[in-house]
Amino acid sequence: MDKMAIKGGFTLNGSVATSGAKNSALPILFSTLLAEGEHQFSNVPRLKDIDSTAELLRSLGCEAYWKNSKENSGPNEFVVKVEKLKSLEAHYDLVRKMRASILCLGPMLAKYGEAVVSLPGGCAIGTRPIDLHLDAMKALGAEIELKDGYVIARVPQASKRLKGANVLFEKTTVGGTENLMMAATLAEGVTTIENAAKEPEIVDLARYLNSMGAKVTGYGTSVIRIEGVAKLAASKYEILPDRIEAGTLLIAGAITGGDVTVEKCNPHDLDALVTKLRESGFKIDLGANSMRVHPNTKFVAVDITTAPHPLFPTDLQAQFMALMSVAEGTSVISETVFENRFMHVTELMRLGADITPKTQVAVVRGKPMHQGKFLTGAPVMATDLRASASLVLAGLVAHGETVVNRIYHLDRGYEQLEVKLQKLGAQIQRAN
Ligand code: EPU
């Protein structure tokens, strides 16, 4: 299995471009199941999770493939051709690879009145149940049975169409909001989602749905309204930039005391991170589509609490903890979205970080270089995407060599991270 070897201590400088957003591309690719025809996407990141999604779409009877970038104007173009599906079952072998596969439930149920989807099971960052997804489908009139590890869903009405309803999520859920939003586009009548997730990826999905002919309004706020339509048509769309990748690259610049500009991003999507970096002492310039962090080697500890958008994203918590592990002072990091998202803590401690993990709260006593303190390189391993990213960031400043094992996780969510970091001056190599 591939690993990443990093020689720490090199300051990153220069510009780097953000790729398309994984967490936007995944629901949008699943939304293609709602409409027959040729769906064309650009700015799709080349990631393992996209390959897994394509595999699942193909297993249902779609064609899903990359367009040859040489023959086309833009790179990273992806096509999904949808005809009447030949299967309405998302098999365990495919769903277990990627939890987001549950997002095929809403579209299949809405379009065909039935769907069988494997239960995804727990994962490294928490139990991550799908009860809210299922309750939402039931609210729209679906009957749900759990049998042999599968969700068996059907619409009992002769019309096979779901019925619009008011749904109040008792907890904010990104995937639940996406599944419901997709299901409601073809339902009879109006659906209102209260306490909807407000993430930029929700907005991106709503925009693609509307480009297919859906009638979704209120996206980006906590109340989304969907007026069901009888039919949708395949469309063309550019995936938004990945705010989590952009944030990770900005922190990479910050942690090495470098001068890094992250381009092709939407800075406004990262307000919470930028606020915290400024509070820590960094000067950050924001452009229309870029962010620049200025050199600072004497930044101070700040506290963060993760929460749904627009508050501090859980997907940047691990990376921010790496930064705080070399800040001056003590930082309290609270994780409120997932119950087990501190797997990076013990690995950061292997690099010498001084952290006390409690349940969902970690106290990080920084080891700033200007006080003669530092992290030291070591072999480490992570079982989750963002945890792996945090270890890479820590490796950039640790003395000596850090080897991050099992970078399979990194490849699920970061497009050529090592190439982007190398371009900025990092000594990082992929090795077998
Ligand atoms: N939850 C439930 N029941 C449900 C659904 C969610 O209890 O039916 C709980 C979860 O267990 C969690 C909380 O609600 O404690 C929020 O989960 P949410 O549904 O919002 O997360 P998700 O849709 O499973 C997406 C991203 C995650 C990101 C979270 C939170 C995708 C494909 N994944 O997951 O991204 O952390 O939202 O922002 O969009 C990542 O990219 O590394 C990643 C994990």
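Things to note:
- Inspection of the stretch 108-130 finds no residue satisfying the criterion of being over 30 Å from Val190 (Cα atoms) and of a type in the set (Lys, Arg).
- Just so you know, in the stretch 404-423 the residues that are surrounded by fewer than 24 Cβ atoms within 10 Å (Cβ to Cβ) and more than 23 Å from Ser24 (Cα to Cα) include one that is modelled with the lowest pLDDT, and it is Arg406.
- In the stretch 388-403, the condition of being open to solvent by 10 Å² or more (accessible area, probe 1.4 Å), free of Cβ contacts under 8 Å to residues at least 60 places away in the same chain and in a helix (DSSP H, G or I) is met by no residue.
- Residue match in the stretch 20-39 (condition: within 16 Å of the ligand (Cβ to nearest atom) and part of a strand (DSSP E or B)): yes
- For first residues located in the stretch 126-138 and at positive phi, partners that are within 6 Å of the ligand (Cβ to nearest atom) and β-branched (Val, Ile, Thr) and lie 6+ apart or on another chain with Cβ distances below 9 Å form the pairs Gly126/Val337.
Residues checked against (1) within 16 Å of the ligand (Cβ to nearest atom); (2) more than 23 Å from Gly20 (Cα to Cα); (3) among the acidic types (Asp, Glu); (4) without any contact (Cβ under 8 Å) to a residue 24 or more places away in the chain:
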position: Asp242; (1), (2), (3), (4): yes, no, yes, no
position: Leu250; (1), (2), (3), (4): no, no, no, no
position: Ala272; (1), (2), (3), (4): yes, no, no, no
position: Leu286; (1), (2), (3), (4): no, no, no, yes
position: Asn296; (1), (2), (3), (4): no, yes, no, no
position: Val302; (1), (2), (3), (4): no, yes, no, no
position: Pro310; (1), (2), (3), (4): yes, no, no, no
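Residue by residue, here is whether (1) among the basic types (Lys, Arg); (2) crowded, with 18+ Cβ neighbours inside 10 Å; (3) within 16 Å of the ligand (Cβ to nearest atom); (4) over 15 Å from the mean Cα position of the chain (by Cα) holds:
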{"residue": "Leu316", "(1), (2), (3), (4)": "no, yes, yes, no"}
{"residue": "Ser325", "(1), (2), (3), (4)": "no, yes, no, yes"}
{"residue": "Val332", "(1), (2), (3), (4)": "no, no, no, yes"}
{"residue": "Phe342", "(1), (2), (3), (4)": "no, yes, yes, yes"}
{"residue": "Leu375", "(1), (2), (3), (4)": "no, yes, no, yes"}
{"residue": "Met381", "(1), (2), (3), (4)": "no, no, no, yes"}
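- Selected residue [within 15 Å of the ligand (Cβ to nearest atom) and surrounded by 23 or more Cβ atoms within 10 Å (Cβ to Cβ)] from Leu132, Leu180, Leu209, Leu162: Leu180
- Residue within the stretch 211-224 that is closer than 30 Å to Gly20 by Cβ, at pLDDT 95 or above and assigned to a helix (DSSP H, G or I) present: yes
- Of the residues making up the stretch 354-387, just one is touching a residue at least 60 places away in the same chain (Cβ under 8 Å) and of a type in the set (Asp, Glu), namely Asp384.
The values are calculated or read from the model by the stated rules, or taken from the named source; none is laboratory data. Computed from a predicted model, the values in this text were never measured in an experiment. Backbone-built Cβ (ideal geometry, glycine too); neighbour counts: all protein chains shown. In case anyone asks, the SASA skips ligands and DNA or RNA and just uses the protein heavy atoms, side chains included. Shrake-Rupley method; radii C 1.70, N 1.55, O 1.52, S 1.80 Å.
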